Structure formats: structure tokens, C-alpha cells
Amino acid sequence: MGFPATIRVDQGTEFVSRDLDLWAYQRGVTLDFSRPGKPTDNAFIEAFNGRFRAECLNAHWFLSLADAEKKLEDWHNYYNEERPHGVIGNKTPIMLLNHVGAASPPS
């Protein structure tokens, strides 16, 4: 599995740590920081993070790493395959795939 060339992050403490900086540097990944106090620089992920927190993180206790992996995978599948998204006409993201699995724009 490869790594992305760039990861867009905000100024949160989890993203400004030396450990993350070292991890990214060792893998040739650029950390692209949004401007401090400007969540609109990355509105898409800010909206996703809010939904992820409300629908997954705040809804579960994680009893072990394996339990967390299972619950996160279940939520991931729900989010992409069952949960309607208003921005794409109340369809699920999986519905936007054509018969060969390539993504297509919403109709």
C-alpha cells in the first residue's frame, strides 16, 4: 500500500506533533496545513469530521484495537453503502459507481 503525496490537515494538536512530522518526512508525504482559525479552508473534511464524530466516535465505546477496527469498518461500510448523502441527491456513494466500479458524477 502506498502513501499519498499530500495530506491536508488543520492546526489541531494531533497534526502539529513531531511524531506525525517525522512519519510524513520518512515517507515523503507533505503535510499541507490550513490557515489557523480558518475551517473554511477545508470545509469538506470539517463537515465529514463532524458526522464521523457524531455517528461513530460518540456512539461507541472501543474496548480494544480489534473492537475499534471492527466498529470503524462497519461505520465505513454504512457511510458508503447504506447512508444517504444529501449532497448527491440522497443516494449512497456506492450508487455512483458504474458497472465496472469506476466512479461517475451524480446524475
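The values are calculated or read from the model by the stated rules, or taken from the named source; none is laboratory data. Given the structure is predicted, the values throughout are model-derived calculations rather than measurements. Quick reminder, even Gly has a Cβ in these numbers, built from the backbone with ideal geometry, and neighbours come from all protein chains shown.
I'd like to know if segment 41-58 contains one or more residues that are of a type outside the set (A, V, I, L, M), at pLDDT below 85 and over 19 Å from the mean Cα position of the chain (by Cα). No, every residue in segment 41-58 fails to be of a type outside the set (A, V, I, L, M), at pLDDT below 85 and over 19 Å from the mean Cα position of the chain (by Cα).
Please verify whether segment 24-32 includes one or more residues that are more than 15 Å from the chain's Cα centre (by Cα), in a loop (DSSP other than H, G, I, E, B) and surrounded by fewer than 12 Cβ atoms within 10 Å (Cβ to Cβ). The answer is yes, given that some residue of segment 24-32 is more than 15 Å from the chain's Cα centre (by Cα), in a loop (DSSP other than H, G, I, E, B) and surrounded by fewer than 12 Cβ atoms within 10 Å (Cβ to Cβ).
Restricted to segment 33-62, and to residues there that are exposed (fewer than 10 other Cβ atoms within 10 Å of the Cβ) and of a type outside the set (Gly, Ala, Ser), the residue that is nearest to THR6 (Cα to Cα) is PHE44.
When ILE94, ILE7 are screened for being in contact with an Asp or Glu (Cβ under 9 Å, 6 or more places away or on another chain) and assigned to a helix (DSSP H, G or I), only ILE94 passes. For segment 57-72, the criterion of being within 21 Å of THR13 (Cβ to Cβ) and not in a helix (DSSP H, G or I) is met by at least one residue. Does ILE88 fit the bill of being touching a Leu at 6+ places or on another chain (Cβ under 7 Å) and farther than 22 Å from ARG8 by Cα? Yes; evaluated as a whole, the condition is true for this residue.
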